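The values are calculated or read from the model by the stated rules, or taken from the named source; none is laboratory data. These numbers come from a predicted model, not from an experiment. Counting neighbours? That spans all protein chains shown, and the Cβs are built from the backbone with ideal geometry, glycine included. To get the accessible areas, we keep the full protein, side chains included, count just its heavy atoms, and leave off ligands, DNA and RNA. Shrake-Rupley method; radii C 1.70, N 1.55, O 1.52, S 1.80 Å.
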Number of protein chains: 2
Amino acid sequence: MRIAILLFDRFTALDAVGPYEVLSRLPDTEVVFVGRDRGTVRTEGGGLGLVADATLDEVSRPDVVVPGGPGQSEHMSDGPLHRWLRAVDETTVRTTAVCTGSLILAAAGILTGRTATSHWLALDQLSALGVSPSGERVVVDGKYVTAAGVSSGIDMALALAGELVGEDTAQRVQLGIEYDPRPPYDAGAPDKAPAEIVAALRQRSRFPRSRAV
Amino acid sequence: MRIAILLFDRFTALDAVGPYEVLSRLPDTEVVFVGRDRGTVRTEGGGLGLVADATLDEVSRPDVVVPGGPGQSEHMSDGPLHRWLRAVDETTVRTTAVCTGSLILAAAGILTGRTATSHWLALDQLSALGVSPSGERVVVDGKYVTAAGVSSGIDMALALAGELVGEDTAQRVQLGIEYDPRPPYDAGAPDKAPAEIVAALRQRSRFPRSRAV
């Protein structure tokens with residue numbers, strides 16, 4: 001199994017690295033970070049550079065993980081990235097996205113008529129792109145698997161691992177990364193966080209017109 | 001606040017990027033990835049390169065996050081890294097580690113007589129280094145904060161955020177990264193995973209002499 005994780009300028013680090021940490025531990029699986037060019041790609045804020053080890057066209061018939069992040073908004077028009085996504089999607093076993101990465105897949109026409117999720121602030125952007133939004137943390141529709149915001153890529157990747165290589169291996173990976181989460185607060189979803197925090201994040205987001213969730 | 005996240009060859013990606021994703025979102029906080037040299041540092045397995053943007057000595061008076069990973073075993077002897085850790089520890093607000101990063105801090109003499117945690121497979125290595133091991137997911141002993149295996153760095157960083165800048169901000173970050181975890185399996189700790197999976201991981205680990213947990 002070969003999995004390409006897409007990097008683009010101003011992606012969100014954990015969107016990409018959460019799935020990497022799980023998927024890179026699967027047997028007979030190669031995970032490759034790909035970008036328009038080889039070399040360093042910077043996260044939102046610029047504080048971290050990850051290395052794209054291959055260009056889009058250098059990886060043959062991969063499965064794909066598309067992360068999100070503020071840079072997503074630069075990739076909503078047709079062009080080489082969308083053409084690459086549509087081309088690899090023809091042969092993927094799974095085509096996946098984390099956070100606002102699903103908006104890129106949707107804009108490329110890959111999710112049309114399907115159900116998907118995204119960051120809670122971006123859910124109704126999916127509707128505008130012809131995709132049925134779901135508030136679930138991980139959404140599976142055929143071979144298309146999407147995860148909610150940022151940290152949800154870990155849950156998505158473990159679910160994928162279970163489907164692709166079996167529950168035993170998925171549980172082995174979960175124990176290996178000691179994924180027994182204990183958030184110190186219960187504020188990780190808009191229906192759990194204090195209303196003023198939800199409102200503040202919405203006001204600061206790049207999706208201000210989104211409906212209240 | 002300035003926070004240095006240490007990179008070394010064959011570190012574990014999520015150990016470093018989990019805390020980064022939380023801490024880089026705190027107000028007035030600069031997070032810098034540091035290494036012995038500037039440039040690309042490869043994770044265990046080599047599948048991902050992160051960029052060290054500064055050498056150890058180029059970051060003035062930072063707080064520090066030490067990740068773990070297989071490369072930890074190369075950093076258990078006194079030398080420039082231990083000297084740097086001891087020097088920055090003199091002025092840190094918090095000195096922290098994720099996973100087997102705590103073994104590096106312990107080997108540098110920084111945790112002597114204190115209580116700390118580590119990856120579940122490495123807990124009794126702490127004892128051998130004069131540190132009291134704790135099976136808690138996040139352990140706070142004075143200004144020393146340690147987290148269990150790999151994914152626990154996210155929980156640690158949110159707890160740190162709450163202490164350093166307040167619960168409101170920590171909850172805002174948690175909602176921003178939609179950290180409302182839903183692991184598809186309940187196998188993330190050795191007392192929860194099937195016994196044969198625990199045994200298999202222990203047998204394959206680099207800590208085969210550790211006691212059964």
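Applying the selection to the stretch B:105-141, what residues are closer than 19 Å to B:L81 by Cβ, among the aliphatic types (A, V, I, L, M) and more than 11 Å from chain A (Cβ to nearest Cβ)? Give the steps one after another, and end with the answer.
Filtering the stretch B:105-141 for residues closer than 19 Å to B:L81 by Cβ gives B:105-112, B:116, B:118, B:122, B:125-126, B:129-131.
Restricting the remaining residues to those that are among the aliphatic types (A, V, I, L, M) gives B:105-108, B:110-111, B:116, B:122, B:126, B:129, B:131.
Within the stretch B:105-141, B:L105, B:A106, B:A107, B:A108, B:I110, B:L111, B:A116, B:L126, B:L129, B:V131 qualify.
Would you confirm whether any residue within the stretch B:203-212 is modelled with pLDDT of 95 or more and more than 19 Å from A:R182 (Cβ to Cβ)? If you could, list the steps in order and put the result at the bottom.
Keep residues of the stretch B:203-212 that are modelled with pLDDT of 95 or more, which gives none.
No: the stretch B:203-212 contains no residue that is modelled with pLDDT of 95 or more and more than 19 Å from A:R182 (Cβ to Cβ).
Confirm whether A:D28 is surrounded by fewer than 24 Cβ atoms within 10 Å (Cβ to Cβ) and in contact with a strand residue (DSSP E or B) (Cβ under 9 Å, 6 or more places away or on another chain).
Numbers: surrounded by fewer than 24 Cβ atoms within 10 Å (Cβ to Cβ): yes; in contact with a strand residue (DSSP E or B) (Cβ under 9 Å, 6 or more places away or on another chain): no.
The answer is no for A:D28.
Mind counting the residues in the stretch B:1-55 that are in contact with a His (Cβ under 8 Å, 6 or more places away or on another chain) and either over 26 Å from A:E178 (Cβ atoms) or polar (S, T, N, Q) (or both)?
0
Of everything in the stretch A:45-73, what is farther than 21 Å from A:L111 by Cβ and within 14 Å of chain B (Cβ to nearest Cβ)? Give them in sequence order. Before the answer, list the steps.
So in the stretch A:45-73, the residues farther than 21 Å from A:L111 by Cβ come out as A:45-55, A:57-60.
Within the stretch A:45-73, A:G45, A:G46, A:G47, A:L48, A:G49, A:L50, A:V51, A:A52, A:D53, A:A54, A:V59 qualify.
Would you say B:W84 is touching a residue at least 24 places away in the same chain (Cβ under 8 Å), more than 14 Å from chain A (Cβ to nearest Cβ) and either among the aromatic types (F, W, Y) or closer than 30 Å to A:A54 by Cα (or both)?
Values: touching a residue at least 24 places away in the same chain (Cβ under 8 Å): yes; more than 14 Å from chain A (Cβ to nearest Cβ): yes; either among the aromatic types (F, W, Y) or closer than 30 Å to A:A54 by Cα (or both): yes.
Yes; evaluated as a whole, the condition is true for this residue.
Of the residues B:D155, B:D141, B:D186, only one is within 14 Å of the chain's Cα centre (by Cα) and of a type in the set (D, E, K, R); which? So that I can check it myself, show each step before the final result.
Values: B:D141 fails: within 14 Å of the chain's Cα centre (by Cα); B:D186 fails: within 14 Å of the chain's Cα centre (by Cα).
Testing whether each residue is within 14 Å of the chain's Cα centre (by Cα) and of a type in the set (D, E, K, R) leaves just B:D155.
Go over the candidates A:R2, A:R42, A:R36 one by one and state the one that is over 29 Å from A:G166 (Cα atoms) and within 12 Å of chain B (Cβ to nearest Cβ). Please lay out each step first, then the result.
Working: A:R2 fails: over 29 Å from A:G166 (Cα atoms); A:R36 fails: within 12 Å of chain B (Cβ to nearest Cβ).
Exactly one of A:R2, A:R42, A:R36 is over 29 Å from A:G166 (Cα atoms) and within 12 Å of chain B (Cβ to nearest Cβ), namely A:R42.
Can you list the strands (runs of 3 or more DSSP E) found entirely within the stretch A:25-129 that contain at least 1 residues being under 20 Å from A:G153 (Cα atoms), of a type in the set (D, E, K, R) and under 16 Å from the mean Cα position of the chain (by Cα)?
Details: elements: A:30-35, A:39-42, A:49-52, A:63-66, A:95-98.
Counting at least 1 such residues, we get A:63-66.
Could you tell me which of the residues B:V165, B:V93, B:V98 is touching a Gly at 6+ places or on another chain (Cβ under 6 Å) and either more than 9 Å from every other protein chain (Cβ to nearest Cβ) or among the small types (G, A, S) (or both)?
Details: B:V165 fails: touching a Gly at 6+ places or on another chain (Cβ under 6 Å); B:V93 fails: touching a Gly at 6+ places or on another chain (Cβ under 6 Å).
Criteria check complete, one pass: B:V98.
Take the residues in the stretch A:141-159 that are in contact with a Leu (Cβ under 9 Å, 6 or more places away or on another chain) and open to solvent by 10 Å² or more (accessible area, probe 1.4 Å); name whichever of them is farthest from B:V17 (Cα to Cα). Even if it seems obvious, please write down each step before you answer.
Just the residues of the stretch A:141-159 that are in contact with a Leu (Cβ under 9 Å, 6 or more places away or on another chain), to begin with: A:141, A:144-146, A:148-151, A:153-154, A:157.
From what is left, the residues that are open to solvent by 10 Å² or more (accessible area, probe 1.4 Å) are A:141, A:144.
Working: A:D141: 29, A:Y144: 26 Å.
Looking at the filtered set, the residue picked out is A:D141.
Quick one: is B:L129 of a type in the set (A, V, I, L, M, F, W, C), in contact with a Pro (Cβ under 7 Å, 6 or more places away or on another chain) and at pLDDT 95 or above?
Values: of a type in the set (A, V, I, L, M, F, W, C): yes; in contact with a Pro (Cβ under 7 Å, 6 or more places away or on another chain): no; at pLDDT 95 or above: yes.
So B:L129 fails the test.
What residue, among those in the stretch A:174-209 that are in contact (Cβ under 8 Å) with a residue 12 or more places away in the chain and farther than 28 Å from A:L158 by Cβ, is nearest to the other protein chains (Cβ to nearest Cβ)? So that I can check it myself, show each step before the final result.
Of the stretch A:174-209, the ones in contact (Cβ under 8 Å) with a residue 12 or more places away in the chain are A:174, A:176-177, A:179, A:188-191, A:198, A:201-202, A:205-207.
Filter once more, so that each one left must be farther than 28 Å from A:L158 by Cβ: A:202, A:206.
Numbers: A:R202: 10, A:R206: 12 Å.
Among those residues, the one meeting the criterion is A:R202.
Out of the stretch A:140-150, which residues are more than 20 Å from A:G71 (Cα to Cα), outside any loop (DSSP other than H, G, I, E, B) and touching a helix residue (DSSP H, G or I) at 6+ places or on another chain (Cβ under 9 Å)? Spell out the reasoning first.
Residues of the stretch A:140-150 more than 20 Å from A:G71 (Cα to Cα): A:140-145.
Retained after the next criterion (residues that are outside any loop (DSSP other than H, G, I, E, B)): A:140-141, A:144-145.
Listed by number, the residues that qualify are A:V140, A:Y144, A:V145.
Only residues that are aliphatic (A, V, I, L, M) and in contact with a strand residue (DSSP E or B) (Cβ under 7 Å, 6 or more places away or on another chain): list them for the stretch B:52-84, please.
The initial filter retains those residues of the stretch B:52-84 that are aliphatic (A, V, I, L, M), namely B:52, B:54, B:56, B:59, B:64-66, B:76, B:81.
Listed by number, the residues that qualify are B:A52, B:A54, B:L56, B:V59, B:V64, B:V65, B:V66.
Restricting attention to the stretch A:8-24, which residues are touching a residue at least 12 places away in the same chain (Cβ under 8 Å), part of a loop (DSSP other than H, G, I, E, B), closer than 24 Å to B:G153 by Cα and not charged (D, E, K, R)?
Scanning the stretch A:8-24 gives a single hit, A:T12.
Name the single residue that is least open to solvent (accessible area, probe 1.4 Å) among those in the stretch B:160-213 being part of a helix (DSSP H, G or I), among the small types (G, A, S) and more than 29 Å from B:G142 (Cα to Cα). It would help to see each step written out before you state the result.
Keep residues of the stretch B:160-213 that are part of a helix (DSSP H, G or I), which gives B:160-165, B:167-176, B:195-204.
Retained after the next criterion (residues that are among the small types (G, A, S)): B:161-162, B:170, B:176, B:195, B:199-200.
Those still in the list that are more than 29 Å from B:G142 (Cα to Cα) too: B:195, B:199-200.
On the way: B:A195: 76, B:A199: 58, B:A200: 36 Å².
Result: B:A200.
Does the stretch A:17-25 contain at least one residue that is among the acidic types (D, E) and in contact with a Leu (Cβ under 8 Å, 6 or more places away or on another chain)?
Our first condition is that a residue be among the acidic types (D, E); within the stretch A:17-25, this holds for A:21.
From the residues that got through so far, the ones that are in contact with a Leu (Cβ under 8 Å, 6 or more places away or on another chain) too are A:21.
Yes, the conditions are met somewhere in the stretch A:17-25.
Search the stretch A:50-87 for residues being over 23 Å from A:S205 (Cα atoms) and in contact with an Asp or Glu (Cβ under 8 Å, 6 or more places away or on another chain), and hand back the single one that is surrounded by the fewest Cβ atoms within 10 Å (Cβ to Cβ).
If we filter the stretch A:50-87 for residues that are over 23 Å from A:S205 (Cα atoms), which is where we start, we get A:50-65, A:78-87.
Now drop any that are not in contact with an Asp or Glu (Cβ under 8 Å, 6 or more places away or on another chain), which leaves A:52, A:55, A:64, A:84.
On the way: A:A52: 24, A:T55: 14, A:V64: 23, A:W84: 20.
Checked the stretch A:50-87; the qualifying residue surrounded by the fewest Cβ atoms within 10 Å (Cβ to Cβ) is A:T55.
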